[in-house]
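Right, one structure below, let's go through it.
The values are calculated or read from the model by the stated rules, or taken from the named source; none is laboratory data. Keep in mind the model is a prediction, meaning the values are calculated, not measured. Here Cβ is always computed from backbone atoms with ideal geometry, including for glycine, and neighbour counts include all displayed protein chains.
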Amino acid sequence: GFSINLLTLFGLVLAIGIVCDDAIVVVENVERNIDEFGLSSKEATFRAMEEVTGPVIATTLVLIAVFVPVAFLSGTTGVLYRQFAITIAISVAISSFVALTLTPALAAILIKPSKGEPRGFFKWFNKFIDATTGLYAGGVSLTLKRKFIALALLGGMLFGTYTLFKVIPGSFVPAEDQGYVFAAVVLPDGASLDRSEALTQQVAEIFSEHPAVKDSSALAGYSLIDGQFKTNTGTVFIALKDFDERSDPELKVGALFEFVTPRLRKLQDGVAFPINPPSIPGLGTQGGFEFWLQNRGQGGATRLAEIAKEIIAKANERPELTRLNTTINAASRQLKTDVDRSKAETLGVSVPDVYAALQTLFGSLYVSQYNKYGRVWQVILQAEPEFREKPEDIQNIYVRQSAGKMVPLSSVVTTNYVTGPDLLPRFNGFMAAKITGDADTGYSSGQSIGVMEEVAGQVMPDGFTYAWSGQAYEEKKSSGSSAVIFVFALVMVFLILAAQYEQWSLPVAVITAVPFGIFGALVAVWMRGMENDVYFQIGLVTLIGLSAKNAILIVEFAELKYNEGLSPFDAALEAARLRLRPILMTSLSFILGAMPLVLATGAGAAARHSIGTGIIGGMIGATTLALFFVPLFYFMITSIKERVSKKKPDTSDKPSPVEPAADTSGEGA
């Protein structure tokens, strides 16, 4: 029941690179058996499928199992994970079925023994791969011999991974250039609508000076921040030019805000600041954060406004925050009307009639409706504007007493000017003030949230607390869910592999590839100056399956060679040598398939950059570093098993290996 949206398209783009992997493994193994053993196409296909059926099934189950915990995640984060995960899981399942059925049939028909040596580019490519394989085999052999040095390097990498998690700032979703922005305008209390309209139009003209702006619309009297209609506020809607016309970084939203912010600060009649819409529509009215200061004690609106202003003043001193603002105003000018109830009763005037007269003439009152021109029209009573402009106009209002005579309203009503809040919102049932803001350039939303909580803790007295709404609330809510998903995904992968191999030790060798993928992803994101957001975390979960996929190919073949009689050292070395080519082919196909995400432009580009950069960096780490350490861990685990069991596997009833044994000169080093 999903739609074609940003998340499902993410899954489809990544699936393009993933679905080819199983077919590449099958075809490459058929080609290898033909070249090395001189088998016919049919015989080579049968032999190849005996060797790779297990790894193909294992890798497919692992990729599907990674996303099983996602189905149980609730909230906005669950929606983001679920659509992406199900799209990939279904694609992988179908591709695995095709790789085990159609691909072998086509390989047996289409792949023929080569006649002579390849020429041109293919000859050079084969020589390059053979040389790379030789260097790689030498590197693996050296790693196996110097295992303690390798383990020390692994410890350094794990420490680096921990450090990068601390260094890279966190956020919920990256700020997006969506092709439009807003601007909020606030004037002093009592400002007329004409003044608000003039300033709002001036703000629109400031935005129009930038070449990225296509059009703007100024709306005076409406406050975007709190959704209220007030004469001293205004909102500007700015439409930007098409993304094709804004390929220059100077025409992006960030550059636009840097251009208009100093000009808006020079305004004399009021305050104006730019607002980026939320990256996910519906999560608040703006990008950045929505901080609610709640008064659960004494002091009323006046004390609430004082604390809100103290928090903003303190927060403005921090470099992580910008565009801080609040709409609460506890000192706006108000006209208070007092009804002398005793005098009203003496004159025979009903107090409800007094309030009804004030509401009807100075406010409005719905009294009836009628049908005309095929529509229903409402009848609303209200005095003409010229009769409700001044407090003295109350003297012109009369109300009927119980005896039927008309009594002037001024005889029972007195007025005086007081101060009070023009708007008093409540959040979770408590009197609250809304403070909006954003992270400054070079800082993440997670850092801005942490700074606001720190400042609030320093300023708030007893009886006050705070809460979050919009995008900041979702970020706080999802802060621990990704770690839980990651752990459960690892557990699912381990259990699937344990069932596949019918033992507990070999899955450990496969799981050891995951930290290298995570390290590569973190390095890539850190080098691009990006953040640890939800999309990056989705990529990390995906990397569990992708990293394990390469490791499975090595471990499966190493176990096969070990059962054929090779020592753990030789089995690990031979498996690494044999599986390098398909691993490089599958990894390169996936990396090239995901490259459009890294180079994306237009709406949603930041999200694509986040997930694409992390996954490609992780795959590079899993294809380079992990390929040296997975054979090492297989060698160590199998050697420990041999020492514990004190016996070698029985190979008397197994056919002799077709391939010659590898050099064992480095065994036991």
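State the number of residues belonging to the stretch 411-429 that are part of a loop (DSSP other than H, G, I, E, B) and in contact with a helix residue (DSSP H, G or I) (Cβ under 6 Å, 6 or more places away or on another chain).
So the answer is 3.
In the stretch 449-477, what residues are at pLDDT 85 or above, more than 24 Å from Ser223 (Cα to Cα) and not aliphatic (A, V, I, L, M)?
Once the filter is applied, which keeps residues that are at pLDDT 85 or above, more than 24 Å from Ser223 (Cα to Cα) and not aliphatic (A, V, I, L, M), the stretch 449-477 yields Gly450, Glu453, Glu454, Gly457, Gln458, Pro461, Asp462, Gly463, Phe464, Thr465.
Looking at (1) surrounded by 13 or more Cβ atoms within 10 Å (Cβ to Cβ); (2) farther than 30 Å from Thr8 by Cβ, which one does Val70 not meet, given that it meets all the others?
Condition (2) is where Val70 drops out.
Given the criteria within 26 Å of Gly300 (Cα to Cα), assigned to a helix (DSSP H, G or I) and aliphatic (A, V, I, L, M), does Ala432 qualify?
no
Please indicate, with yes or no, whether at least one residue in the stretch 553-575 is under 26 Å from the mean Cα position of the chain (by Cα), crowded, with 23+ Cβ neighbours inside 10 Å and aromatic (Phe, Trp, Tyr).
Scanning the stretch 553-575, I find no residue that is under 26 Å from the mean Cα position of the chain (by Cα), crowded, with 23+ Cβ neighbours inside 10 Å and aromatic (Phe, Trp, Tyr), so the answer is no.
Being without any contact (Cβ under 8 Å) to a residue 24 or more places away in the chain, in the same structural domain as Leu592 (by TED's automatic domain parsing), closer than 22 Å to Val491 by Cα and of a type in the set (Lys, Arg) narrows it down to one of Arg119, Arg47, Arg82, so name that one.
Numbers: Arg119 fails: closer than 22 Å to Val491 by Cα; Arg47 fails: closer than 22 Å to Val491 by Cα.
Unique residue meeting the criteria: Arg82.
Please specify each residue of the stretch 338-366 satisfying the condition of being assigned to a loop (DSSP other than H, G, I, E, B) and exposed (fewer than 13 other Cβ atoms within 10 Å of the Cβ).
Those that are assigned to a loop (DSSP other than H, G, I, E, B) and exposed (fewer than 13 other Cβ atoms within 10 Å of the Cβ): Gly363, Ser364.
For Gly300, indicate whether it is assigned by TED's automatic domain parsing to the domain that holds Glu454 and on the phi > 0 side of the Ramachandran plot.
Spelling it out, Gly300 is indeed assigned by TED's automatic domain parsing to the domain that holds Glu454 and on the phi > 0 side of the Ramachandran plot.
Which numbered condition in (1) assigned to a helix (DSSP H, G or I); (2) more than 30 Å from Ile57 (Cα to Cα); (3) free of Cβ contacts under 8 Å to residues at least 12 places away in the same chain is the only one that Val491 fails?
(2) is the only condition that Val491 fails.
Test Val451 against the criterion of being in the same structural domain as Ser350 (by TED's automatic domain parsing) and among the aliphatic types (A, V, I, L, M), and give yes or no.
Spelling it out, it is not the case that Val451 is in the same structural domain as Ser350 (by TED's automatic domain parsing) and among the aliphatic types (A, V, I, L, M).
As an exercise: evaluate Ala509 against (1) at pLDDT below 85; (2) in contact with a Ser or Thr (Cβ under 9 Å, 6 or more places away or on another chain); (3) crowded, with 24+ Cβ neighbours inside 10 Å and give the number of the one condition it does not meet.
In the conditions (1) at pLDDT below 85; (2) in contact with a Ser or Thr (Cβ under 9 Å, 6 or more places away or on another chain); (3) crowded, with 24+ Cβ neighbours inside 10 Å, Ala509 misses (1) alone.
Taking into account only those residues within the stretch 612-659 that are modelled with pLDDT under 85 and of a type in the set (Val, Ile, Thr), which is surrounded by the fewest Cβ atoms within 10 Å (Cβ to Cβ)?
So the residue we want is Val644.
(1) assigned to a helix (DSSP H, G or I); (2) without any contact (Cβ under 8 Å) to a residue 12 or more places away in the chain; (3) closer than 18 Å to Ala607 by Cα; (4) not hydroxyl-bearing (Ser, Thr, Tyr): which one isn't true of Gly529, the others all being true?
In the conditions (1) assigned to a helix (DSSP H, G or I); (2) without any contact (Cβ under 8 Å) to a residue 12 or more places away in the chain; (3) closer than 18 Å to Ala607 by Cα; (4) not hydroxyl-bearing (Ser, Thr, Tyr), Gly529 misses (1) alone.
How many of the residues making up the stretch 1-32 are buried (at least 17 other Cβ atoms within 10 Å of the Cβ) and within 22 Å of Ser587 (Cβ to Cβ)?
Result for the stretch 1-32: 21.
Looking at Thr133 and the list (1) assigned to a helix (DSSP H, G or I); (2) of a type in the set (Val, Ile, Thr); (3) more than 23 Å from Ala576 (Cα to Cα), which single condition is not satisfied?
Every condition holds for Thr133 apart from (3).
Here is a check on your reading of the model: is Thr601 among the polar types (S, T, N, Q) and not in a helix (DSSP H, G or I)?
Taking the combined requirement at face value, the residue satisfies it.
Looking at Leu566, is it out of contact with any strand residue (DSSP E or B) (no Cβ under 9 Å at 6 or more places or on another chain), at pLDDT 85 or above and outside any helix (DSSP H, G or I)?
Taking the combined requirement at face value, the residue satisfies it.
Do you know which of the residues in the stretch 33-44 that are assigned to a helix (DSSP H, G or I) and in contact (Cβ under 8 Å) with a residue 24 or more places away in the chain is surrounded by the most Cβ atoms within 10 Å (Cβ to Cβ)?
Step by step, filter the stretch 33-44, then rank; the result is Ala44.
Return the only residue of Lys561, Lys549 being assigned to a helix (DSSP H, G or I), in contact with a Pro (Cβ under 9 Å, 6 or more places away or on another chain) and at pLDDT below 85.
Of Lys561, Lys549, the one residue that is assigned to a helix (DSSP H, G or I), in contact with a Pro (Cβ under 9 Å, 6 or more places away or on another chain) and at pLDDT below 85 is Lys549.
Can you list residue pairs whose Cβ atoms sit under 7 Å apart, with the first residue in the stretch 414-429 being within 29 Å of Ala344 (Cβ to Cβ) and the second being of a type in the set (Val, Ile, Thr) and outside any strand (DSSP E or B)? Count only pairs 6 or more apart in sequence or on different chains.
From residues that are within 29 Å of Ala344 (Cβ to Cβ), the pairs are Thr415/Ile394; Pro421/Ile328.
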